[in-house]
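Peer 1: Mind looking over this structure? Questions follow.
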Amino acid sequence: MTGSPTMTRAMAGWRMLAIICLGVVGVLATWFSATAIVPELIRVWQLTPGQAAWLTNAVQLGFVAGALGASLVNLPDILPMHRLMTGAALLAALSNAALLVVGPEGAMIARFITGVALAGVYPPALKLMATWFVKGRGLALGVLIGALTFGSSMPHLVRAVADGVDWHVVVWATSATALGGALVFGLLVREGPNPFGRATFNPRQSLAVFTDRPLLLANIGYFGHMWELYAMWAWILAFAAASNVEPFPFGSPSMLSFLVVASGVIGCLAGGWLSDRIGRCLTCAGMMIVSGACAALIGFYFDGPPLVLALLALLWGVTVIGDSAQFSVSVTELAESAFVGTALALQMGIGFGLTVVSIWALPLFAEWIGGWQWAFLFLLPGPLIGTCAMLALRRCPEAAALAHGAR
């Protein structure tokens, strides 16, 4: 006895979701590979603190360049998505492996190219997943972002439990996972039963992100979210290491940082489930209100009590990423069908461009105010502006297209 056609399509969608998550996590490991081995590279290459920071920011800048470039030529809407993702994954594996043979200057270039390559994987993966889900799209993309979030947390775990790992092994391993991701994309991934239209080259189409009011509001929400997210992830370890809590929650600042970032998986799943039921706008606004409150309050517990600091940090970890997928889902539902890939790439390109600024500026703000205790107040404008934008979007008639009318 076989299931109904609807059930069969649903099972196929979730099976493809698992395959895409596997490939994307394998490739996205290269994003954080240099971050995990920065202490060793500082020692081996005699890097200055500025050079070490640019090993991380070079990937961010490369992603911005790749995403904006792809959107200007409508690349994600012209090429078949699985072919674009396969080629980009191969490039990520090669540029990541280049860390084994280059010096500091070459490493900056290699990391930039890795970022460009990742822009050919991440936005198309979101679009590809949307072709498999119409109902339940918020949860499906939440699962995908949750998988990426867990990968983002791994460098902190490595630093917490495996300080003695040879940095060459880390590079080889992450290059191998990227190569595995390319094989997954090339051999196992295909477009779903709800394809978007195929576009022709039209650079002016990118301007719709700024001239279409509902799309603009969704993107402003995303930009506010991104202002907070990556700076929090990048500097929660510095905040934890500077605090005077005894005994330290979970044993060490590195372990606390791992758990804070990894807890975002719960937020991604919860955000996806909620957005499909109560609406994209309400879910995003609610998550940003809570995460903004955490940014405002965590300084009060800089010196403890340890349990309160740990719980507030974990709540922040859940909510700071819990809405991330829903901004992208909103774009897939609001943008013109033939240019969804372009709209996603442009959204991410600008959003990640803002992360470069906030990651760079936050420690300068901490130094200016005399320490890390109140440094995260610098991030508050992001969730405040993002919340206002999503509540404004909820009042637009076009928001009826979101989550089958759940705004």
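Peer 1: Which one is farthest from the chain's Cα centre (by Cα) among residues in region 363-397 that are under 26 Å from Tyr122 (Cα atoms) and open to solvent by less than 70 Å² (accessible area, probe 1.4 Å)?
Peer 2: Per the stated criteria, the residue is Leu393.
Peer 1: From Val357, Val331, which residue is open to solvent by less than 20 Å² (accessible area, probe 1.4 Å) and either at pLDDT below 90 or over 24 Å from Asp212 (Cβ atoms) (or both)?
Peer 2: Working: Val357 fails: open to solvent by less than 20 Å² (accessible area, probe 1.4 Å).
Every option except Val331 fails the conditions.
Peer 1: A follow-up question, please. Of all the helices (runs of 4 or more DSSP H) wholly in region 232-318, which have at least 2 residues that are within 30 Å of Ala392 (Cβ to Cβ)?
Peer 2: 264-278, 280-297
Peer 1: Moving on. Which pairs turn up if I take residues in region 75-97 that are in a helix (DSSP H, G or I) and look for partners that are of a type in the set (D, E, K, R) and surrounded by fewer than 20 Cβ atoms within 10 Å (Cβ to Cβ) with beta carbon separation below 9 Å, at least 6 apart in sequence or on another chain?
Peer 2: From residues that are in a helix (DSSP H, G or I), the pairs are Asp77/Arg198; Ile78/Arg198; Met81/Glu191; His82/Arg190; His82/Glu191.
Peer 1: So, one more: Within region 345-354, track down each residue that is open to solvent by 10 Å² or more (accessible area, probe 1.4 Å) and closer than 23 Å to Leu269 by Cα.
Peer 2: Result: no residue meets the conditions.
Peer 1: Still on this structure, I have one more. Any residue at all in region 37-51 that is out of contact with any Pro (no Cβ under 6 Å at 6 or more places or on another chain), under 30 Å from Ala343 (Cβ atoms), open to solvent by less than 30 Å² (accessible area, probe 1.4 Å) and touching a residue at least 40 places away in the same chain (Cβ under 8 Å)?
Peer 2: No: region 37-51 contains no residue that is out of contact with any Pro (no Cβ under 6 Å at 6 or more places or on another chain), under 30 Å from Ala343 (Cβ atoms), open to solvent by less than 30 Å² (accessible area, probe 1.4 Å) and touching a residue at least 40 places away in the same chain (Cβ under 8 Å).
Peer 1: Answer yes or no: is there a residue in region 69-92 that is surrounded by fewer than 21 Cβ atoms within 10 Å (Cβ to Cβ), closer than 22 Å to Trp227 by Cα and under 18 Å from the mean Cα position of the chain (by Cα).
Peer 2: No: region 69-92 contains no residue that is surrounded by fewer than 21 Cβ atoms within 10 Å (Cβ to Cβ), closer than 22 Å to Trp227 by Cα and under 18 Å from the mean Cα position of the chain (by Cα).
Peer 1: Pick from region 96-120 the residues that are β-branched (Val, Ile, Thr) and farther than 19 Å from Ala67 by Cα: which of them is least open to solvent (accessible area, probe 1.4 Å)?
Peer 2: Out of the qualifying residues, it is Val102.
Peer 1: Does region 121-140 contain any residue that is modelled with pLDDT of 85 or more and not in a helix (DSSP H, G or I)?
Peer 2: The answer is yes, given that some residue of region 121-140 is modelled with pLDDT of 85 or more and not in a helix (DSSP H, G or I).
Peer 1: Test Trp172 against the criterion of being of a type in the set (Phe, Trp, Tyr), at pLDDT 85 or above, farther than 19 Å from Gly267 by Cβ and part of a helix (DSSP H, G or I), and give yes or no.
Peer 2: Yes, satisfied.
Peer 1: If you don't mind, another one. What single numbered condition from (1) of a type in the set (Val, Ile, Thr); (2) in contact with a Pro (Cβ under 8 Å, 6 or more places away or on another chain); (3) open to solvent by 10 Å² or more (accessible area, probe 1.4 Å) fails to hold for Thr342?
Peer 2: It fails just one condition, (3).
The values are calculated or read from the model by the stated rules, or taken from the named source; none is laboratory data. Computed from a prediction, not measured in an experiment: that's the story for all the values here. For neighbour counting, all protein chains shown are included, and Cβ atoms are generated from backbone atoms with ideal geometry for every residue, glycine included. Note: areas computed on protein heavy atoms with side chains; ligands, DNA, RNA excluded. Shrake-Rupley method; radii C 1.70, N 1.55, O 1.52, S 1.80 Å.
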